[in-house]
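The values are calculated or read from the model by the stated rules, or taken from the named source; none is laboratory data. Just so it is clear, the model here is predicted, and its values are computed rather than measured. Glycine gets a Cβ as well: all are built from the backbone with ideal geometry, and neighbour counts include every protein chain shown.
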């Protein structure tokens with residue numbers, strides 16, 4: 001079968017052990033699920049492993065970008081298939097396979113595509129208190145990413161950094177999100193607003209009122225901003 005040379009061997013063995021089924025059976029089921037969902041078998045393999053609570057970080061990173069996107073796009077089907085846990089306070093749910101999985105981990109996998117943001121914020125997002133630390137780390141990553149992409153090594157005020165790197169006028173910007181002035185100015189305003197409303201406060205005050213839901217949604221928004229920055233055109237410093 002063609003899929004035999006493409007599936008991750010180590011992950012295949014783990015799924016077989018977890019389900020107590022032969023690898024041949026697992027391959028067949030992956031193929032059937034792929035046909036039903038209309039996505040690649042490699043993507044289905046990662047999704048099934050996630051459903052079983054098996055770590056998939058390495059296997060996911062090995063997939064080409066379009067397959068990684070298939071995994072993220074299909075993750076909500078795992079949420080939809082969950083049944084309420086017999087012990088809700090554990091924060092875990094049951095999948096159709098009867099395996100307990102951490103719903104928050106699935107949500108983080110689904111919402112955060114940037115690997116640095118995910119690796120630095122996941123443990124903070126899983127805490128039940130002091131969630132302002134996730135905001136602090138996420139805004140630090142944003143600031144560092146802007147400096148790195150714009151090749152700015154000087155010590156500079158975060159607000160000034162945003163204006164220097166993402167000048168509202170495209171011809172004066174180092175990072176050009178769009179050649180349309182209105183779009184460039186809009187993105188500049190978003191990043192400047194994040195710095196003024198969240199970054200500065202998070203770095204100078206403690207806030208125990210930040211909820212887990214708010215922290216996750218904020219990090220997800222930063223993830224969107226990081227993706228846009230990653231596609232920006234870098235031009236010579238004015």
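Reported count of residues in the stretch 213-229, each being within 18 Å of residue 192 (Cα to Cα), touching a helix residue (DSSP H, G or I) at 6+ places or on another chain (Cβ under 8 Å) and in contact (Cβ under 8 Å) with a residue 60 or more places away in the chain, is 8. Would you confirm whether any residue within the stretch 126-149 is part of a loop (DSSP other than H, G, I, E, B), modelled with pLDDT under 85 and more than 27 Å from residue 20 (Cα to Cα)? Yes, some residue in the stretch 126-149 is part of a loop (DSSP other than H, G, I, E, B), modelled with pLDDT under 85 and more than 27 Å from residue 20 (Cα to Cα).
For residue 180, which of the numbered conditions (1) touching a strand residue (DSSP E or B) at 6+ places or on another chain (Cβ under 8 Å); (2) over 18 Å from residue 227 (Cβ atoms) fails to hold? Of everything listed in (1) touching a strand residue (DSSP E or B) at 6+ places or on another chain (Cβ under 8 Å); (2) over 18 Å from residue 227 (Cβ atoms), residue 180 misses just condition (1). Here residue 130 meets the list (1) free of Cβ contacts under 8 Å to residues at least 60 places away in the same chain; (2) within 30 Å of residue 107 (Cα to Cα) almost entirely, failing just condition (1).
Taking the listed residues 209, 217, the one that is farther than 18 Å from residue 143 by Cβ and either in a loop (DSSP other than H, G, I, E, B) or not assigned by TED's automatic domain parsing to the domain that holds residue 122 (or both) is 209, with no other qualifying.
Within the stretch 1-32, which residues are assigned to a helix (DSSP H, G or I) and either closer than 17 Å to residue 69 by Cα or in contact (Cβ under 8 Å) with a residue 40 or more places away in the chain (or both)? The answer is 10, 11, 14, 18, 19. Within the stretch 102-135, the residues that satisfy the criterion of being surrounded by fewer than 19 Cβ atoms within 10 Å (Cβ to Cβ), outside the structural domain of residue 71 (by TED's automatic domain parsing) and over 15 Å from the mean Cα position of the chain (by Cα) are 127, 128, 129, 130. Scanning the stretch 189-201 for residues that are modelled with pLDDT of 95 or more and more than 18 Å from residue 144 (Cβ to Cβ) returns 189, 193. Considering the stretch 170-191, and only residues there that are assigned to a helix (DSSP H, G or I) and under 22 Å from the mean Cα position of the chain (by Cα), the residue that is nearest to residue 159 (Cα to Cα) turns out to be 191. Annotation for the stretch 141-153: at least one member residue is assigned by TED's automatic domain parsing to the domain that holds residue 221 and at positive phi.
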